[in-house]
Every structure is written in C-alpha cells, then in structure tokens.
Amino acid sequence: MTSRRLYFAVAAAALVVHLGALANGYAMDDVFIVAFDPLVHHWSGLWRAFVEPYWHWPASFGVAMYRPLAVASFALDHQLDHVAWLHAVNLLWHAGASVAVAATLKRWTESAPAALFAGILFAVHPVHVEAVANLVGRSELMATLFTLLAVYAALAHDRLWWSLGALCLGLLSKENAAVAPGLIVWGWLLGFGRVSPGRRWAYVAGWAAVAAAYFVVRGAVLGGHEQLFYLAPVFRGAGPLPIRLTAVAALADVTRLLLFPLSLRVDYSPAERTLAASPIDPRFLAGLACLIAWVGMVWLAWRRGRRVEAFGLGLVGLALLPSANFLFPTGVFLAERSLYLPSAGLAIAAGAGLGGLPRQRLSLITAGVLLLGGARTVQRVPVWRSTLTATLSVFEDSPRSYFGPAGMLSLYLEQGQPRRALDAFRVAAGIYDKSPLLFVQAADAALELGQPALADSLLDRMEQVCERCPQYYEAEIAAAQARRDTTTADSLRARLRRRGFGAP
C-alpha cells in the first residue's frame, strides 16, 4: 500500500463515520462560544480573538482560558452562515489528526499495515465523538494535530523552527499542547531523533522563549485573573488529598473509555461520580490498579526495547496529565473530549504492538476495529445534535447525575417556562446543592414568576457556595438579555448592586 492510499483510507474512515455531525446544530458550550458570541459573527473576530478570552460571551466566563486560534477559526467559518460548514471543518481537522497518527507510526515502523491500523483506530474511536461532533471540541482537534506535528518535526526531521511553530499554533488552540516538549524529551530518552547536546539546548531555549511569550500575552489578555472561578462539582469543599484520591479513581474510567468505549456519557457529575475520600475506597483502588498497570507496561516496553510502544504509552500519560487533576484541580472531573490527544498514544502503541502480526491477521483486526468502532461512533454522533439531545442523553446514560435536570432548568428558561424551570431546579438541587449556577438560574425563574422573596433566598444560597459571586450574576444577566427578558435582567442587576458587588 502506498503512503497516499494509506493516508486517504485513514482520512476517509475519519470522515465517513462522523458524517452525521453535518446534521448537528449547536449543543452545550457551542451556544456560548459560537452561536451567541458576537465576536465570532464578524470578520473582525479573526484578529479580535487574539485580544479576548476564550469565553467571550458572557464576558464573566472569560477568565482562565485563552484559545484565540480556535475562536478565530470559528469567526472565519461563521461567515458562510451555515452550521453544517462549521461541523464539516471539525471533520477535516479530525481527518488531519488521524493521518498524523498514521504518518508517525509509518515513519517509525516502516509498516503500512501497522500505520493503517493505528490511523483507523484513532479515526473511528468512539471516545472522540464529543470532540468531533461538538463544535467547541475543535480546540482539542487543533491542539492535537499541532502537538503531533511539533513532535514529528523534532523527532523525525530535527526541524527546530517547524516544531516551535507547531507548538505555538497548538498553544493558541488549547493549553494542553504544552505537553509537546515533554513528548519530545520522552522521544529523545527512547532514542528517537538523536541530536547533539548543543542542539537539545537550542530546543530548550526555543521552548523557554515560546513559554515566556505565551504567558506574557495570555496574562495581558486575561488581565491577571488566571484562576478558574469554579471547580468541578465533585471537588467542591474537598481538601487536597481527597481530590487526588478521586483523580486516581477517575483512571478506571479513563482506562475503560480508551479500551472499551461502549458506554459513553455527556457528563460525569454528582451523584454519578462522587468523591473518593479514603485510600481504601474501591474506586480509588481500581484507579490505582490501572495506574500501576500502565507504569508496568511502560517499564516492560522500555526494558524489551519496544521503543514505539513505550513512546505511545508515555504519550497517553503525558497528554492526560494537564487535565487529570493530579497537579491541580480543574473545572472538569472527566470529559471524553480530553482523551482525544491521549488516545493518539494508545493508537501508536497498539499499532506498533500488532505490527508484527501476519498481514492477513492484522487486516482482519483492522477491519473489525473499523466495523465495531465505526458503528458505535455513528450511533453516538446524533447525541450532540443540540443542547436538548445532549441533555436528554444524560437522563439515559447518567440517571444519578444532577446535570440532566440542571440542563433542563436552562432549557426551560430559554423556552419561557419558568415554573417548569423551578421544578427542574428542585430535582437537580436534591441531588447536588453546591452549584452556584443552579441557584442563580432558579432565582431568574422566580423573578419571572413574580416571586422576589424566593429569588432573594435563592441568591442568598448561591452566595454561600460561590467563589466569585459577581460572575454568576453577570452571566445570568447576559442570559436574560439574550432572551430579551429585560425586566429580569434589570432585577438581577439591581440585586447585584444592592449586595455590594457593583453592577455591570
């Protein structure tokens, strides 16, 4: 099989199994990042994206995230004024990342069948549906492609400037591209891309310069407010040790999603996932077993000289680290989209490991992966058709989660059904009562129903659990204005001022 045919087959698989996404609309965060953000709707967004936070609308959501290249790409695509085109571009980014995985393995193993297997596995892996079929997943797709290109340029061709350029583009797409230098160093340790010590120091100097420039620009745009104003719900009120125990417990989910992605979820929230507060918690022990197994496989691959397998397994761990809540707790306990880059390591390791099989047997395995993974992916894509379909899936996939009724609360507000919104609030708060967003949205519904005393009590409760209360007020004011409910927006603004926070 020629390289051209190999890469065409991988790209075609990535596109075909996700074609259903062309019928999708805006779901979840798409609404705020793309559909409602006025910056994205004008040509000026191509350059204004570089001086604005990622969460541009509502502005209060803007702290902690700077992904201008992804936003600029939305601004470019939006000029066609057709949501199907935005989804089509996501598919193209995914096809590019799939080809990059295949090309990396082809370079290191010189085996077209192994590269085809790795590319197909990555192209049709069901855990990728969230990143590909949900528009805001584009930041994952872009960051992954640029990270792989940065690593390939350094380890396969020793092209310093190309590698640094890809790193810059990756960082401007999403923060997790920062793992690229670690992957390059890991490759050097394994014997890939042998360069002189002086050349390695040139790479280190380049990384330092890129990091310095990135943090200066990021700090200037975000105004120094670089801490998340929320934690993942499961971490609220928890100390450092329980957070890390819970992060280790999540590795059982990660392992299952990477190896057996039959059961997929839109959200992993209480009470579907709760805190692991003890080292003898079975969930922690299961996650610890997965961690030990991964370390053992990396060590075994290293000892046996299986460099490519070791690199792929190392990529899984390094790529997962920024979002794994080990170094610091984040706003997300676990998201399937965050496994997009780690799964590239799985595909590379699996492709290299199976590359020694007879060609016919490997072809049958590749066909099986294409059939089974592709079928699950095709089935999953429509879940991200809209916020409603994604929310309804939570009731089916995660019936114990508060996120399902919380999502209905937001939808009922948008539909002008405040009484049903309050009913949904009571169900969600009965499961989990530490979300400030729940209480401010319920207060919004109470104001619409002409119940100011209830609204005040709900806002009092919000202020007991929020870290940065004004942001929640401002976000709900913006939401009320978006649905042209100026009376509720003015009431929330007056309460914001009366409570001493000032007013937007």
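The values are calculated or read from the model by the stated rules, or taken from the named source; none is laboratory data. None of the values given here were measured: they were computed from a predicted structure. Reconstructed Cβ throughout: ideal geometry from the backbone, glycine too, with neighbour counts over all protein chains shown. Calculation scope for accessible area: heavy atoms of the full protein, side chains included, ligands and nucleic acids excluded. Shrake-Rupley method; radii C 1.70, N 1.55, O 1.52, S 1.80 Å.
Give me the percent of the accessible area of the chain that comes from carbon and sulfur atoms, probe 1.4 Å, all protein chains in place. Walk me through the numbers on the way to the answer.
Working: 13570 of 20960 Å².
Heavy-atom surface of the chain belonging to carbon and sulfur, 1.4 Å probe: 65 percent.
Sequence-ordered 3J(HN,Hα) estimates for segment 178-184 from the Karplus curve with 6.51, -1.76 and 1.60 and θ = phi - 60° stand at 4, 7, 4, x, x, 5, 5 Hz, glycine and proline given as x. Over the chain, accessible surface divided per residue gives 42 Å², non-protein components excluded, 1.4 Å probe. Overall shape: prolate for segment 372-504, with the ratio a/c of the largest to smallest alpha carbon gyration tensor axis at 1.5 or above and a/b above b/c.
Take every pair of alpha-carbon atoms less than 8 Å apart whose residues are at least six positions apart; their mean separation over the length of the chain yields a relative contact order of 18 percent.
About the Cα centre of segment 130-248, what is the dipole size in debye to 20, counting +1 per Lys and Arg Cβ and -1 per Asp and Glu Cβ, all else neutral? Spell out each step's value before the answer.
Details: 9 positive and 5 negative charges, 45 e Å.
Approximately 220 debye in magnitude.
Shape verdict for segment 197-318, please, from the Cα gyration tensor: rounded (a/c under 1.5), prolate (a/b greater than b/c) or oblate.
Working: a/c = 2.29, a/b = 1.14, b/c = 2.01.
Taking the square roots of the gyration eigenvalues as a ≥ b ≥ c, segment 197-318 is oblate.
Each other residue within a Cβ distance under 13 Å of Gly206 adds +1 if Lys or Arg and -1 if Asp or Glu, for a net charge of +2. For Ser363, the accessible area of its heavy atoms, probed at 1.4 Å with every protein chain present, is near 60 square angstrom. Around the amide H of Ala27, modelled in the peptide plane, lie the amide H atoms of Leu135, all under 5 Å away and 5 or more residues distant in sequence or on another chain.
Helix 68-78 and the longest principal axis of the Cα set of the chain meet at an angle near 80°.
What is segment 326-410 by shape, rounded, prolate or oblate, if you read a ≥ b ≥ c off the alpha carbon gyration tensor as root eigenvalues and call it rounded for a/c under 1.5, prolate for a/b larger than b/c, and oblate otherwise? It is oblate, given that a/c is not under 1.5 and a/b is not larger than b/c. Amide H contacts of Ala238: none lie under 5 Å away among residues 5 or more positions distant or on a separate chain (H built 1.01 Å from N in the peptide plane; Pro and chain starts excluded). Put the Cα centre of segment 330-360 next to the Cα centre of segment 77-101 and the gap is 21 Å. Accessible area ranking (1.4 Å probe, heavy atoms, ligands and nucleic acids excluded), largest first, for Thr109, Thr2: Thr2, Thr109. The string of couplings for segment 240-247 from the Karplus curve (6.51, -1.76, 1.60, θ = phi - 60°) is x, 5, x, 4, 5, 4, 5, 4 Hz, one whole number per residue in order, with x for Gly and Pro.
Distance between the C-alpha centres of segment 462-501 and segment 238-252: 33 Å, rounded to the whole angstrom. Can you give the local net charge around Val99? Use residues other than it whose beta-carbon is closer than 14 angstrom to its beta-carbon, Lys and Arg +1, Asp and Glu -1. Net local charge, Val99 excluded: +4.
Counting other Cβ atoms within 10 Å, keep those with at most 16, restrict to DSSP loop, and tell me which trypsin sites (Lys or Arg not before Pro) in segment 374-465 are left.
On the way: sites: Arg376, Arg380, Arg385, Arg400, Arg419, Arg420, Arg426, Lys434, Arg461; in loops: Arg385, Arg400, Lys434.
Of the trypsin sites (Lys or Arg not before Pro), the ones in loops of segment 374-465 whose Cβ has at most 16 other Cβ atoms within 10 Å are Arg400.
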